Amino acid sequence: MTLDSELSSVETVETRVEQLAHQAGFDEDTSSQIAMVTREAVINAILHGNKRDPAKKVRIGFALSDDALSITIADEGLGLDPDSVPDPCAPENILRSSGRGIFLMRAIMDEVHFHQLSPGTEIELIKHRIHKES
Amino acid sequence: MSMTLTARQVGDVTILDLSGKITLGEGGVTLRDEVRKLLAKGAKKIVLNLVGVSYIDSSGLGELVSSYTAVKNAGGELKLMNLTSKVRDLLVITKLLTVFDVKDDEAAAVAAFA
């Protein structure tokens, strides 16, 4: 899925991810949270990565395997150093009005990986599927 | 669905009943504007009733924090009540539950103001 760098694109991705998460067997709350953090990643890609440049696109990938649901979000921006993002729970940051998106991704997903592209950044969000014993 | 917001008075406490989504561009700015308007009118005791909030994201959490700091800086108090499980979960994850005074119902929220 390739999106323009416009916030109107976000809802389409969120709806698709929530459907996929349901298909993968996640409960309603978990599916909603997976969709929400995907939304965070897409918004970051549009606003901070591509800086709403209409010439730049956001590419979304989905993969559902026996073990996990994986979502990738790639922008064409200048790159991101995830280690430079301040901890939003630290006392000096707790009252900041922004900066919680990546933290929520890490809290809700099982794995979050950042891949540097040239140009851009790809975020990979992974949630492991829970298999019920038969 | 975007957020809807209604203000009402219970004594000297202003209660804002919110419903819908508090997200980037979908209600966040409305909440911030409404809180600032109340402060400009002299309101000092404000409760956000979140019972109808079905969804919140990091921008929405930021709006709650902005509202809290705006009220505090104006010498007032802002409390939250009737959190849905989705909102409560995110406040726990982000440790914002340690910042906000959260009450289970309106009577408790109104009574909590000194």
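A few remarks follow.
- Prolate/oblate/rounded call for chain B, Cα gyration tensor, a/c under 1.5 rounded: rounded
- Converting phi to 3J(HN,Hα) with the Karplus coefficients 6.51, -1.76 and 1.60 and the offset θ = phi - 60°, region B:63-69 yields 5, 4, 5, 4, 5, 4, 6 Hz in sequence order, with x at every glycine or proline.
- Once the Cα atoms are used to define both axes, helix A:10-23 deviates from the longest principal axis of chain A by about 20 degrees.
- Helical mean residue ellipticity (222 nm; -39500 (n - 2.57) per DSSP H run of 4+; nearest 500) of chain B: -11500 deg cm²/dmol
- Distance from region B:50-114 to region A:1-20 (C-alpha centre basis), Å: 29 Å
- Eligible aspartates and glutamates near B:Lys103 by straight Cα distance, threshold 20 Å, same-chain separation 8 or greater: B:Asp12, B:Asp17, B:Glu63, B:Glu77, B:Asp89
- Among the listed pairs B:Lys44/B:Lys95; B:Lys37/B:Lys72; B:Lys41/B:Lys95; B:Lys44/B:Lys79, those beyond 20 Å (Cα-Cα): B:Lys44/B:Lys95; B:Lys41/B:Lys95
- Förster radius 35 Å - calculated FRET efficiency between B:Asp105 and A:Leu7, Cβ distance, rounded to 0.05: 0.45
- Reference-scaled alpha-carbon Rg (2.2 N^0.38 Å with N residues) for chain A: 1.06
- Within the straight-line cut-off of under 30 Å between alpha carbons, the lysines reachable from A:Lys56 are A:Lys127, B:Lys21, sequence neighbours fewer than 8 places apart in one chain being disregarded.
- Region B:67-114 shape via C-alpha gyration tensor axes, a/c threshold 1.5: oblate
None of the figures in this text is laboratory data; all of them are computed from the coordinates on show. Note that the structure is a prediction, hence the values are computed from the model and not measured. So basically every Cβ, Gly included, is an ideal-geometry build from the backbone, and we count neighbours across all protein chains shown.
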